[in-house]
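The values are calculated or read from the model by the stated rules, or taken from the named source; none is laboratory data. Note that the coordinates shown come from a computational prediction; the quantities given were computed from them, not determined experimentally. Positions of Cβ are generated from backbone atoms using ideal geometry, with glycine treated the same way; all protein chains shown enter the neighbour counts. Heavy atoms of the whole protein, side chains included, go into the accessibility calculation; ligands, DNA and RNA do not. Shrake-Rupley method; radii C 1.70, N 1.55, O 1.52, S 1.80 Å.
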Amino acid sequence: MQKRKLILLCSCALLLLVCIAQAITKNKNNVKLYTVKEELDSVCLEANGEAVWLVKNGDKWLAGRAENDAKYETTQSAIDSLLGAVKSVKVLDKVGNASSEASQIRYDLTDAKKITVTAFAGGKEVRKITVGKSSATGSQGYIMLDNGSDVFLASGNLSNTFGKTLDDLRSRSVWTLDKNMIGGVTIRKADGTEWKLSRTGQSENIEWKLDGHGIVTGEVDSQKAENWFAEFANLSASSWYDDSASPDGKYLLTCEVEAGGKTVAIDLFQTKEGNDDEAAEYCASSTESPYTFALASYSANKFLKNPDELLK
């Protein structure tokens, strides 16, 4: 009797192992990789009736509201992630069909919620991905491919990858300079105060000079001066104003930065005064961008430094 029970238990265990192996094999067989081999030259993201176009221009990708009006430089990391997701889609399984309204609602594939990604190469459409909601884990999402109505479970949070606004994709960089090539910074304030910190020489023979009118002068602290110059190597907007917008608020100063034989400049305005609870707000215009932009208070602070803070 015990022998018969043992044989029965072993048979059940073996059957369970077979079922598990079949399930694993089935899941592996359902996984497919859809790739695009062509070199993409434009991508359109459509959601809620609005479109964002990405167009390749030489080695750069530009963004805009229309294909023929893509003029804004983009953030490379966001572009790389987006293009990679377009060119390689890992489908885990077919889960349904979106031919009915109920199915479209179930997977967020209605016109109000879906994201349509269309990629082109040589002016020809080479891939269309209709993106619905993410799975419960957030690591997968529901999609349709090309012009089909089958709904697939795909790897990755594609609604996050493709759900980008124009502002998300635009580069915030205003200028990038080599900090070691910065030779001088000039500040001209609205009250008439003007001063300049200059650096000459190299390595251990660097000399600092601070001069101007309406300021306290003295011996420059080389470490403080070097740290301040390094802050001007990169300038980024916190957000961009509309294309036609001019700077508003109270004009504070103009700053010029000399680096490698080139001079870049910024006009700084205060749009809101700060207090104990809230930081002040600023906007600016620059010789390095045709667009007015907002500037975070921590970024504006370097322009507002008093010259005596650089002295020993």
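Please state the shape class of the range 114-211: rounded when a/c is under 1.5, otherwise prolate if a/b exceeds b/c and oblate if not, all from the C-alpha gyration tensor. Numbers along the way, then the final one.
On the way: a/c = 3.58, a/b = 3.48, b/c = 1.03.
Taking the square roots of the gyration eigenvalues as a ≥ b ≥ c, the range 114-211 is prolate.
Is the range 233-312 rounded, prolate or oblate when judged by the Cα gyration tensor, a ≥ b ≥ c being the square roots of its eigenvalues, rounded requiring a/c under 1.5 and prolate requiring a/b larger than b/c? Working shown, then result.
Values: a/c = 2.01, a/b = 1.04, b/c = 1.94.
Taking the square roots of the gyration eigenvalues as a ≥ b ≥ c, the range 233-312 is oblate.
Averaged per residue, what accessible area in Å² does the range 50-100 show with a 1.4 Å probe, protein chains only?
Numbers: 2720 Å² over 51 residues.
Per residue, the range 50-100 has an accessible area of 53 Å².
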Task: In the range 115-197, trypsin sites (Lys or Arg not before Pro) in a DSSP loop with at most 12 other beta-carbon atoms within 10 Å - done: none
Open item on the list: Nearest 500 deg cm²/dmol is fine: what mean residue ellipticity at 222 nm does the chain get from its DSSP H runs of n ≥ 4 alone, each adding -39,500 (n - 2.57), divided by its residue count?
Closed with: -6500 deg cm²/dmol
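What is the calculated FRET efficiency for Glu194 to Glu273, with r their C-beta to C-beta distance and R₀ = 25 Å, to the nearest 0.05? Don't skip to the end; give the middle numbers.
Numbers: r = 24 Å, r/R0 = 0.95.
FRET efficiency, Glu194 to Glu273: 0.55.
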- [ ] Using the charge dipole of the chain (Lys, Arg: +1 at Cβ; Asp, Glu: -1 at Cβ; taken about the Cα centre), state which of Ala265, Asn97, Gly184 has its Cα farthest towards the positive end.
- [x] Asn97
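Skip the ligands, DNA and RNA, and give the accessible area per residue of the range 191-312 with a 1.4 Å probe, whole Å².
Working: 6800 Å² over 122 residues.
Ligands and nucleic acids excluded, the result is 56 Å² per residue.
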- [ ] May I ask you to list the GluC sites (Glu not before Pro) in the range 232-292 that are in a DSSP loop and have at most 12 other Cβ atoms within 10 Å of their Cβ?
- [x] Glu273, Glu278
Open item on the list: Let's test the formula: R0 of 41 Å, r as the Cβ-Cβ distance of Asn227 and Asn57. What FRET efficiency results, to the nearest 0.05?
Closed with: 0.65
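How big is the charge dipole of the range 151-261 about its Cα centre, in debye rounded to the nearest 20, if each Lys and Arg gets +1 on its Cβ and each Asp and Glu gets -1 on its Cβ? List each step's numbers first, then the result.
Values: 11 positive and 17 negative charges, 48 e Å.
Here the size comes out at about 220 debye.
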TODO: Indicate the gyration tensor shape class of the chain (rounded, prolate or oblate), computed on the Cα atoms with a ≥ b ≥ c the square roots of the eigenvalues: a/c under 1.5 is rounded; otherwise a/b larger than b/c is prolate and the rest oblate.
DONE: prolate
Open item on the list: Could you work out what % of the accessible surface of the chain is carbon and sulfur, using a 1.4 angstrom probe and leaving DNA, RNA and ligands out of the count?
Closed with: 47 percent
Open item on the list: What is the angle, in °, between the Cα long axis of helix 76-87 and the longest principal axis of the Cα atoms in the chain? Nearest 10 is fine, range 0 to 90.
Closed with: 20 degrees
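Roughly how big is the chain's charge dipole about its Cα centre, with Cβ charges of +1 (Lys, Arg) and -1 (Asp, Glu), in debye to the nearest 20? All intermediate terms of the calculation are to be shown ahead of the outcome.
Details: 37 positive and 43 negative charges, 525 e Å.
The calculation lands at about 2520 debye.
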Task: Residues of type lysines that Lys164 reaches as a straight line, Cα spacing below 21 Å, ignoring anything fewer than 8 places off in the same chain - done: Lys56, Lys60, Lys71, Lys87, Lys90, Lys113, Lys114, Lys128, Lys133
